[in-house]
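Reading through the structure tokens given below for one structure.
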Protein chains: 2
Amino acid sequence: MSAWEENVRRVVPYVPGEQPKNKGIIKLNTNENPYPPSPLVESSLHDLENKSLRLYPDPTSEDLVKAIGDSHGLRPEQVFVGVGSDDVLAMAFLTFFSNGNSSNNGHESKGNNSGTNIAGGHESKNQFPLLFPDITYSFYSVWADLFRIPYATPPLDTDFRIQPRDYCNSSHKGNIRGIVLANPNAPTGLALELSAIRSMVQDNPDVVVIIDEAYIDFGGETAIPLLAKYDNLLVTRTFSKSRSLAGMRIGYALGQPKLIAYLNDVKYSFNSYTMSKAALICGVASLQDKTYFEDSLQKIKNLREWTKKELKKLGFVFGDSAANFIFANHPKLPAKDLFLALKEDKIYVRYFDKPRIDNYLRITIGTEEEMRSLISALRKHLKYNTYNSLKLDF
Amino acid sequence: MSAWEENVRRVVPYVPGEQPKNKGIIKLNTNENPYPPSPLVESSLHDLENKSLRLYPDPTSEDLVKAIGDSHGLRPEQVFVGVGSDDVLAMAFLTFFSNGNSSNNGHESKGNNSGTNIAGGHESKNQFPLLFPDITYSFYSVWADLFRIPYATPPLDTDFRIQPRDYCNSSHKGNIRGIVLANPNAPTGLALELSAIRSMVQDNPDVVVIIDEAYIDFGGETAIPLLAKYDNLLVTRTFSKSRSLAGMRIGYALGQPKLIAYLNDVKYSFNSYTMSKAALICGVASLQDKTYFEDSLQKIKNLREWTKKELKKLGFVFGDSAANFIFANHPKLPAKDLFLALKEDKIYVRYFDKPRIDNYLRITIGTEEEMRSLISALRKHLKYNTYNSLKLDF
């Protein structure tokens, strides 16, 4: 080992879902939208002139920021944009949760990943943990580790529901550095009522509360109306799911101007020009086509409900997903076996080899044809395995 | 002030050169290429299908990484890509220089910005400074402040040349955490000999040395041949200048596989998908058109030499720039006045209101027509001011 390696920031990176390069795959593993973005996106991209590419993009992303603000009835000063919501969340973790965190002198921080065992009064403020559920978007703990942010992970209940009381001041006695919740939560798909979110934001005025609304367009109640009243709330969104633009990398955050200004200061200290000219024009074009957007959302929601019914018929068990995916378990068949069997059928779903969720599949809602193929494949595997287990049992 | 603000990471962001929105401006302020990218870039962008945008891009950027590697005779494992070289450098500062830096408990770190006053043996390793020149790309100190990295800034000599001995082990006694040098340096345009760079890299095997080659295609000797021998060297590059792709945001770093792997771990802990599909295909297309690239480089280099002659005739003083800009001073006229006068003529150049360089203009090489307009405008201002000062003096 070379001496310089001692000073490297060692991390265990997030592992994204597989992006297979071969064709003919039914890809239900990364919650992408089965429909293309609005045709306006394509024409805007084709109008982008070669000669314009030699110049830097607008560092303030003014047009896109304004279009996003307008779509939510907010002012441009309330909008922050980034390279997908992962970029936005990474910047937010760095800005709001990593200041004054304890030095680790070259050792890896493992975070305070200890369920509800929240720091007591004897610990210094630097050890106060960031809170997020034990089962949620797995990038949260990766960002926390990257920026050496201590964290605690209150467990979801047995139905995978967030327990709002875990995030209330009386539970943690104010000894926290922030809260991050995905709503609807991933990979569970379950939405939290707005009243519960309001209580958390109101109850923790001394820390920033981030509500990650990557999937909110598919269901659940947005926290955006709370922004008018609470200056410690940040709502994040992405163009990757509901707007079919995963390939262009566009995400954003909404908050009161002061919060957004702090985020922009850090962003301008990291990279002046995060948004390419292509991303800027595609984002604006997508927002212009409201009808197309609403129509494709409705198709996905209808198909989600159809898929729920079909999965139920096959004996799957799952919560009432508000997102564009279903997190399902089958009482008779290990999820890992099903995951591998589906992969052989060229149907990719997501499997997480992690405590509590290692017997679940996260299935993205695709096109009608894709969902019919999935259901047929599942039916086939269930039949085969039931037959086999009957053979084995008797 | 709200209580949550106490925990915010406060920073003073980098201020990029102006990106004026009005037309008819001769833009010589941000070192962009006056020529469009290769026509292959435009056609690749127009071939990008709408339906492909719904899917995430390849997180490994395999095609682009391979094309970049091939262009330098390096393997894919030696290439890291990012959203412009600013993104690449930000990730490199975070990966190689910010581990185990001292906690600041909410106070702003001002860095050890004290010339050659390098930390002595009495200070702990956590205080060892990162080294870069006092006059260089001003983002270096911004990244250092963002990640709370102590730094020291050995001064350039009076001719704005880097003093290699400042970076040698005997000068700092090994008490440093790394070195970052732009070659050619910005905003001076001066190149450092490869032998000096080799000595620095060899002399400091315990720390990472970054050579920022944003402008190397316009002149100077690349450090890439050193990569075979030294595992502590990272060379960064950008598509924004020589490849006319500032608008698409593509940069990269080259190093030995171990160094690149550490960088990728941090990148995958920050954002899985930094490169949009548009950026990936434009980057590959640009690399395919070698003739176009060489031709436009040659045109810029010829025009740089012509501009030097013309500026000399007008009495300007400057070093021998190897980059696509000239950093010039006029003994009789304050740079700030000239900067403002040119701005009135709709000619934007860059002026830095900073110690030692506040009487210089950084002038990007534009098209022939643009450079002729610049020289005429400068001639006009010099005549007028000489006349005025004669009137005042006698």
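The values are calculated or read from the model by the stated rules, or taken from the named source; none is laboratory data. Predicted, not measured: the structure shown is a model, and the values here were computed from it. All Cβ positions, glycine included, derive from the backbone under ideal geometry; neighbour counts span all protein chains shown. These area figures cover heavy atoms from the full protein model, side chains too; ligands, DNA and RNA do not enter into them. Shrake-Rupley method; radii C 1.70, N 1.55, O 1.52, S 1.80 Å.
Remark: pairs (first residue in the stretch A:224-248, over 14 Å from residue A:194 (Cα atoms) and without any contact (Cβ under 8 Å) to a residue 24 or more places away in the chain; second residue in a helix (DSSP H, G or I) and among the polar types (S, T, N, Q); Cβ separation under 7 Å; 6+ apart in sequence or on different chains) = A:247/B:52.
Which count do you get for residues in the stretch A:1-26 that are more than 7 Å from chain B (Cβ to nearest Cβ), in contact (Cβ under 8 Å) with a residue 40 or more places away in the chain and either farther than 24 Å from residue B:44 by Cα or hydrophobic (A, V, I, L, M, F, W, C) (or both)?
Total meeting the criteria: 7.
Looking at this structure, is residue B:40 at pLDDT 95 or above and open to solvent by less than 50 Å² (accessible area, probe 1.4 Å)? Against the criterion (at pLDDT 95 or above and open to solvent by less than 50 Å² (accessible area, probe 1.4 Å)), residue B:40 does not qualify. Among all residue pairs at least 6 apart or on different chains, which show Cβ distances below 8 Å where the first residue, located in the stretch B:300-313, is polar (S, T, N, Q) and the second is part of a helix (DSSP H, G or I) and surrounded by fewer than 19 Cβ atoms within 10 Å (Cβ to Cβ)? Close Cβ pairs satisfying both conditions: B:307/B:375. Hey, does the stretch A:175-191 have a residue that's surrounded by fewer than 21 Cβ atoms within 10 Å (Cβ to Cβ) and either at pLDDT below 95 or more than 30 Å from residue A:44 (Cα to Cα) (or both)? Yes, because at least one residue in the stretch A:175-191 is surrounded by fewer than 21 Cβ atoms within 10 Å (Cβ to Cβ) and either at pLDDT below 95 or more than 30 Å from residue A:44 (Cα to Cα) (or both). Could you tell me whether residue B:2 is surrounded by fewer than 18 Cβ atoms within 10 Å (Cβ to Cβ) and closer than 30 Å to residue B:148 by Cα? Yes; evaluated as a whole, the condition is true for this residue.
Could you pull out the residue among B:68, B:118 that is modelled with pLDDT under 95 and surrounded by 16 or more Cβ atoms within 10 Å (Cβ to Cβ)? Matching residue, one of B:68, B:118: B:118. Criterion applied to B:301, B:332 was being under 18 Å from residue B:371 (Cβ atoms) and away from chain A (no Cβ under 11 Å), and the one residue passing it is B:301. Note on the stretch B:136-176: residues that are away from chain A (no Cβ under 13 Å), part of a helix (DSSP H, G or I) and touching a Phe, Trp or Tyr at 6+ places or on another chain (Cβ under 9 Å) amount to 1.
Since residue B:33 meets every condition but one in (1) more than 7 Å from chain A (Cβ to nearest Cβ); (2) under 21 Å from the mean Cα position of the chain (by Cα); (3) surrounded by 14 or more Cβ atoms within 10 Å (Cβ to Cβ), which condition does it not meet? It is condition (1) that residue B:33 fails. If only residues of the stretch B:226-257 that are assigned to a helix (DSSP H, G or I) and touching an Asp or Glu at 6+ places or on another chain (Cβ under 6 Å) are counted, the one that is least open to solvent (accessible area, probe 1.4 Å) is B:246.
Going by what's in this entry, would residue A:42 be described as of a type in the set (D, E, K, R), more than 29 Å from residue A:147 (Cβ to Cβ) and part of a helix (DSSP H, G or I)? Taking the combined requirement at face value, the residue satisfies it. Just for the stretch B:330-372: of the residues that are of a type in the set (A, V, I, L, M) and without any contact (Cβ under 8 Å) to a residue 40 or more places away in the chain, which one is farthest from residue B:314 (Cα to Cα)? Out of the qualifying residues, it is B:340. Of all residues in the stretch B:132-165, those satisfying the criterion of being under 25 Å from residue B:87 (Cα atoms) and acidic (Asp, Glu) are B:134, B:145.
Test residue B:174 against the stated conditions and say whether it is under 18 Å from the mean Cα position of the chain (by Cα) and small (Gly, Ala, Ser).
No.
For first residues located in the stretch A:46-57 and at the interface with chain B (Cβ under 7 Å from one of its Cβ atoms), partners that are among the small types (Gly, Ala, Ser) and in a loop (DSSP other than H, G, I, E, B) and lie 6+ apart or on another chain with Cβ distances below 7 Å form the pairs A:53/B:244; A:54/B:244; A:57/A:276. The number of residues in the stretch B:334-343 that are farther than 14 Å from residue B:18 by Cβ and open to solvent by 20 Å² or more (accessible area, probe 1.4 Å) comes to 4.
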